[in-house]
Amino acid sequence: MPPPASSTAAICTTSSGPFAEALLKLQRYAATEHPVVLLGPTGTGKSTLARFVHDHSPRADRAFEVVNLGGLDDALASSTLFGHEPGAFTGAQLRLPGAFQTACGGTLFCDEFAKASLTVQRKLLDVLDRRAVRPLGAKRDVPVNVRLVFAANEPLADLVASGSLLHDFLPRLGLLHVRLPQLSERAHEIPELLTHFIGKHGPKSGYLDLLPRATVELEANLQRHTWPENVRELENLTIRLLIDANGAPVLSSGLLVDEIERYNHRKSTSNENGDPECARIADAIGRADGVKARAARDLGMGRTTLYRKLGATAGSALPPPKKLRPDT
């Protein structure tokens, strides 16, 4: 069955490079019923590509549900995923189906699933094994039939090593993994992505008849950025460019003075250290005021990975771990 037209099509069109390879894998994986794990830093498009998997699967005409498990406590995460019965907890007056039930027959995307508590993770493992959920306060299981897509910022083995993820996920989700490249790895696609975001957000900015175009110089400047927040950062920047252009037919580099200055600073730091990633980590630590958890989150990696990279760059311009502020 051909995939339906969707908003994923424009942003996912590419002809070469690591992102094209990821798309080819996802198209093959979408045709199966196995869970898919999307791996990549924040802002690389995991939500968009979860939808891409759904749109290219035999379940494309059924429901697509999204649950972000980051920051949810046990009760809310369990209720959101598995539903609850009246009286299951204080304030539960009505029966509420969970995401597994509302997505039945379709696809359920569990974003940031490694940030769920270990209690909720055990319940997820149970659903993977039994294909049934038990809503909070219920006495019987409810069979469910969903295609599962998971997203995480780091490889599952690293998450298990840091204690963030239960080891039992490795054999259950170890089959189909796709690493999503950072935007800096697919810089040749930035003009295409920029055009896509202008078309997406231009009408909201009042450009209904003639969308502004980007100059070649602007595209070249954007291709030289390091993009620590990846595609999400480019989209947000495009929105700001449209607003600052104030109806002008052309988007030029003159609207990007602050960003170009910041890029030049990153490039200078990179040259001093001889390592672009070293500069990216140093920049993130600076922006996070030395708070290691925040810096790791901004970089899309766990604290264990951050410490490992800091250790590997000993003697560089990076601040050593002992100078990092404790988590707050």
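General observations
- Among residues of segment 89-111 being touching a strand residue (DSSP E or B) at 6+ places or on another chain (Cβ under 7 Å), at pLDDT 95 or above and part of a loop (DSSP other than H, G, I, E, B), the one that is nearest to Ala77 (Cα to Cα) is Ala103.
- Every pair of residues 6+ apart whose Cβ atoms lie under 7 Å, when the first sits in segment 25-37 and is without any contact (Cβ under 8 Å) to a residue 24 or more places away in the chain and more than 17 Å from Ala152 (Cα to Cα) while the second is open to solvent by less than 40 Å² (accessible area, probe 1.4 Å) and in a loop (DSSP other than H, G, I, E, B): none
- Looking only at segment 114-155, and only at residues there that are touching a helix residue (DSSP H, G or I) at 6+ places or on another chain (Cβ under 6 Å) and part of a helix (DSSP H, G or I), the one that is most open to solvent (accessible area, probe 1.4 Å): Thr119
- Residues located in segment 176-196, provided they are touching a Ser or Thr at 6+ places or on another chain (Cβ under 9 Å), assigned to a helix (DSSP H, G or I) and not acidic (Asp, Glu): Leu183, Ser184, Arg186, His188, Leu193, Leu194, His196
- Of the residues examined, Leu148 is one that is of a type in the set (A, V, I, L, M, F, W, C), at pLDDT 95 or above, in contact with a Cys (Cβ under 9 Å, 6 or more places away or on another chain) and closer than 30 Å to Gly106 by Cβ.
- Residue within segment 201-208 that is basic (Lys, Arg), under 26 Å from Ala284 (Cβ atoms) and surrounded by fewer than 16 Cβ atoms within 10 Å (Cβ to Cβ) present: no
The values are calculated or read from the model by the stated rules, or taken from the named source; none is laboratory data. These figures come from a predicted structure and were not determined experimentally. So basically every Cβ, Gly included, is an ideal-geometry build from the backbone, and we count neighbours across all protein chains shown. These area figures cover heavy atoms from the full protein model, side chains too; ligands, DNA and RNA do not enter into them. Shrake-Rupley method; radii C 1.70, N 1.55, O 1.52, S 1.80 Å.
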